[in-house]
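The values are calculated or read from the model by the stated rules, or taken from the named source; none is laboratory data. These numbers come from a predicted model, not from an experiment. Virtual Cβ from ideal backbone geometry, glycine too; neighbours counted across all protein chains shown.
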Amino acid sequence: MVGGCHGSKRPGPKPPSLPRLSFRALDAEQQRLVADYQPVSQGLTAYELAYRDWREGRLTRAGLGTRARAFRPVVTVALARVRGDRATGSDAVPKAFLIAALEARRRALAMQPGSTSYRRAWNRSVVDARRALTRMQDIRDRARLIPLPEDSIS
């Protein structure tokens, strides 16, 4: 019987331990992730106002398309920057959520606004972004670091 299998008295191999960052390094790593995501949060308000105006009939589909085309490169650049950021230890999970959020948001912006697939992708982006922020806040709480602003990731 192989060590670590059910019924074996020998323990299996220990998983490699994750690197432990100093408080300063952890803060710097998270601040980089947030800074690279921040342009999306800042551009989101204008896009969401345009989307609302389109739903209420105050903006044409072409007008909303213009806003989407202007916002999509912001999302694409943020995605490339977040992917390139270093995330060690416990920061790997929030980084993965940020990447998933940005990918879903980019997919949504390429779809027909208001469609079921658009809403599904957009809602997924919102959920994943909130998960990333929540995870980072939990990590920061445990490390007793100052919380990130709530609007830093949206």
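Give the residue that is farthest from residue 26 (Cα to Cα), with candidates limited to residues of the stretch 80-91 that are surrounded by fewer than 21 Cβ atoms within 10 Å (Cβ to Cβ) and without any contact (Cβ under 8 Å) to a residue 60 or more places away in the chain.
Among them, the one singled out is 80.
Which of the residues that make up the stretch 41-90 are part of a helix (DSSP H, G or I), under 30 Å from residue 142 (Cα atoms) and basic (Lys, Arg)?
Within the stretch 41-90, 81, 83 qualify.
Just to be sure I understand, how many residues within the stretch 100-113 are crowded, with 19+ Cβ neighbours inside 10 Å and within 17 Å of residue 130 (Cβ to Cβ)?
Summing the residues that are crowded, with 19+ Cβ neighbours inside 10 Å and within 17 Å of residue 130 (Cβ to Cβ) in the stretch 100-113 gives 5.
Which one of these does residue 62 not meet: (1) within 17 Å of residue 112 (Cα to Cα); (2) at pLDDT 95 or above?
For residue 62, the exception is condition (2).
Find the residue count for the stretch 130-149, including only residues that are out of contact with any Phe, Trp or Tyr (no Cβ under 7 Å at 6 or more places or on another chain) and either within 18 Å of residue 36 (Cβ to Cβ) or part of a loop (DSSP other than H, G, I, E, B) (or both).
11
With respect to residue 146, determine if the residue is within 18 Å of residue 78 (Cβ to Cβ) and β-branched (Val, Ile, Thr).
Here the answer is no, as residue 146 does not meet what is asked.
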